[in-house]
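One structure is given here, and the rest of the page talks about it.
The values are calculated or read from the model by the stated rules, or taken from the named source; none is laboratory data. Because the structure is a prediction, the values reported are computed rather than measured. Glycine gets a Cβ as well: all are built from the backbone with ideal geometry, and neighbour counts include every protein chain shown. These area figures cover heavy atoms from the full protein model, side chains too; ligands, DNA and RNA do not enter into them. Shrake-Rupley method; radii C 1.70, N 1.55, O 1.52, S 1.80 Å.
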Amino acid sequence: MGYALRPPIILLKEGTDTSQGKAQLISNINACEALVDTIRTTLGPRGMDKLIVDGKGKVTISNDGATIMKLLDVVHPAGHVLVDIAKSQDAEIGDGTTSVVLLAGAFLKECKPFIEEAVHPQVIVRSFRLATQLALNRIDEVAVKHSFKDPTEKRALLEKLVVNAVSVLNADLPLDMIGIKKVPGGSFESSFLVRGVAFKKAFSYAGFEMAPKKYDNPLVCLLNIELELKAERDNAEIRVDNVEEYQRIVDAEWTILYQKLQRIVESGAKVVLSKLPIGDVATQFFADRDVFCAGRIPDDDMRRTAKACSGSVQTSVGNLGPSLGRCGLFEEIQIGGERFNIFSDCPQTQTCTLILRGGADQFIAETERSLHDAIMVVRRTLKNEAVVAGGGAIEMELSRYLREYSRTVAGKSQMLIAAYAKALEAIPRQLCENAGFDSTNILNLLRNKHHNGGLWYGIDITTEGIADNYQRFVWEPAVMKINVLKAAAEAACVVLTVDETVKNPKCQDDVSQQAARKGRAGGVPR
């Protein structure tokens, strides 16, 4: 009797929302499917754009999956899993962000009927991890590896990608050595590549107009020192007894400045750049001696200039000779409404700059995101020499392979691996739908081709049919597809293993109590 009358034990604060069981798992899957529906129409070359307005009224037009996922204010806990895998795919590979979210949603969609039929989530997770490993092994088997030893052959193989920018980098392919400058106005066709460095003209003092704006084969001096008379600090104090002593202090400041300027000119440098300000006296001094100067250069532009000109940034002017760089041509030109300083024809350049033009800021920003994805793909292709055919070809091959494998196993795993194989067809199906094609007809043609040995057949966007996408140079790095499969499968498994969600109540009462306590503490004492 005493046990029956025992009062209930309260573990959580009043108002805590707890959801568990099958209903909670289905709710998480539905939330992920709703998020996937938001970006599924952006997949592929014929994908649509999304217009997103943030809380500050900033407008972003993009079809990049990672950008859209970052801008969406996702509040559902399970939805954050898809946001995270999109961010990780963008950071690790740079492309495939929409594919990874779409594939994770397809996995969850195929799992839902099994959950509703009371199949344990861990059974699904084991089968999906097995299917993922089989798919990864199949990619390793069929991926085409290129050695890229011959530069001419490498250029011919990658000429349909953004190789001009990547080909000038060193073996490490550092992304920060590719600068992108956006100049509103003009058309996209006005964009161009500088095999070197280009940046906007820095702030300049009077006398700057007298300096030449073009040099052939100049020496370049890179500094990290101020070339101006420093103002006295507020707490500085100098006590002098007469005017002559004050004049000697002033003369010493001018002497130090002129000695620095004279040493720079004597080094033979014709272009002087500094991260710190270059004052009006120094500007006029250099202009009188046909030397170009610019101060307050951003750190990233200075590092790329040093890399392009084979120079080094100095913090003194004691021995400038060995640290000077050289470029084939320096000029200051007008691009749209901006003046740009351009260093080109550098003998050992390992950096470049893309100048993007366009009629609207949103268009230029989207062009920059597209170029970033293309550059990342080429970098990954050069670093990881294995490639596979795109346009849904590799997904259809993996789907065929896993369907055939599922027939060799018994029990629930057979149906679950077959469901995994069906989910892989979500990529080519969505590519067809976004292009306005008959997805049912094209997928039937692809299934037939892959069943008969057409390994690289995928969707042909130009002819509304199918084609050998490897022969048409529709390539994707194998490492990108591997990362997409791993991330999507792991995200689906994470959602499936969550059987309870606990939401703590909003702490409005706690905030009110704290405010009341502060009010009493700061009130008038009785």
The lone condition ASP509 fails out of (1) modelled with pLDDT of 65 or more; (2) surrounded by 12 or more Cβ atoms within 10 Å (Cβ to Cβ) is (1)
Okay, strands (runs of 3 or more DSSP E) sitting entirely in the range 167-236 with 2 or more residues that are closer than 30 Å to ARG379 by Cα, in contact with a Phe, Trp or Tyr (Cβ under 8 Å, 6 or more places away or on another chain) and at pLDDT below 80, I get none
How many residues does the range 299-349 hold that are touching a residue at least 60 places away in the same chain (Cβ under 8 Å), within 24 Å of LEU257 (Cβ to Cβ) and open to solvent by 40 Å² or more (accessible area, probe 1.4 Å)?
5
Quick check on the range 272-281: of everything there that is under 40 Å from the mean Cα position of the chain (by Cα) and aliphatic (A, V, I, L, M), which residue is nearest to THR315 (Cα to Cα)?
LEU276
Leading residue by the ranking (least open to solvent (accessible area, probe 1.4 Å)) among those in the range 59-74 that are part of a loop (DSSP other than H, G, I, E, B) and either more than 20 Å from GLY392 (Cβ to Cβ) or among the small types (Gly, Ala, Ser) (or both)
VAL74
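Yes/no matrix, rows are residues, columns are (1) open to solvent by less than 40 Å² (accessible area, probe 1.4 Å); (2) touching a residue at least 60 places away in the same chain (Cβ under 8 Å):
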site: PHE192; (1), (2): no, yes
site: ARG195; (1), (2): no, yes
site: PHE203; (1), (2): no, yes
site: MET210; (1), (2): no, yes
site: TYR215; (1), (2): yes, yes
site: LEU227; (1), (2): yes, yes
site: THR255; (1), (2): no, no
site: LEU273; (1), (2): yes, no
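Can you find a residue that is outside any helix (DSSP H, G or I), open to solvent by less than 70 Å² (accessible area, probe 1.4 Å), of a type outside the set (D, E, K, R) and within 28 Å of CYS493 (Cβ to Cβ) anywhere in the range 407-416?
Our first condition is that a residue be outside any helix (DSSP H, G or I); within the range 407-416, this holds for 407-411.
Going one step further and asking which of them are open to solvent by less than 70 Å² (accessible area, probe 1.4 Å), we end up with 409, 411.
Okay, now just the ones that are also of a type outside the set (D, E, K, R), so 409, 411.
Within this subset, residues satisfying the condition of being within 28 Å of CYS493 (Cβ to Cβ) are 409, 411.
Yes.
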Selection within the range 32-58 - among the hydrophobic types (A, V, I, L, M, F, W, C), under 19 Å from the mean Cα position of the chain (by Cα) and not in a strand (DSSP E or B):
ILE39, LEU43
I'd like the full set of residues that are of a type in the set (A, V, I, L, M), open to solvent by 30 Å² or more (accessible area, probe 1.4 Å) and within 25 Å of the chain's Cα centre (by Cα), limited to the range 75-118.
VAL75, VAL81, ALA91
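For every residue, the table says whether it meets (1) out of contact with any Leu (no Cβ under 7 Å at 6 or more places or on another chain); (2) of a type in the set (Asp, Glu); (3) open to solvent by 20 Å² or more (accessible area, probe 1.4 Å); (4) under 30 Å from LEU354 (Cα atoms).
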residue	(1), (2), (3), (4)
GLU385	yes, yes, yes, yes
VAL388	yes, no, no, yes
GLY392	no, no, no, no
GLU425	no, yes, no, no
PRO428	no, no, no, no
PHE437	yes, no, yes, no
ASN444	yes, no, yes, no
HIS450	yes, no, no, no
Can you find even one residue in the range 114-123 that is within 23 Å of THR60 (Cβ to Cβ) and in a helix (DSSP H, G or I)?
no
For the range 355-363, check the following and say yes or no: at least one residue is outside any strand (DSSP E or B), in contact (Cβ under 8 Å) with a residue 40 or more places away in the chain, surrounded by fewer than 20 Cβ atoms within 10 Å (Cβ to Cβ) and more than 29 Å from the chain's Cα centre (by Cα).
no
Residue that is at pLDDT below 90 and either basic (Lys, Arg) or more than 30 Å from the chain's Cα centre (by Cα) (or both), where the choices are GLU476, GLU404, GLU464
GLU464
So MET396 fits all but one of (1) in a helix (DSSP H, G or I); (2) open to solvent by 20 Å² or more (accessible area, probe 1.4 Å); what number is the exception?
(2)
Looking at GLU395, GLU425 in this structure, which one is under 25 Å from the mean Cα position of the chain (by Cα) and charged (D, E, K, R)?
GLU395
Count - residues of the range 326-354 that are more than 18 Å from the chain's Cα centre (by Cα) and part of a strand (DSSP E or B):
15
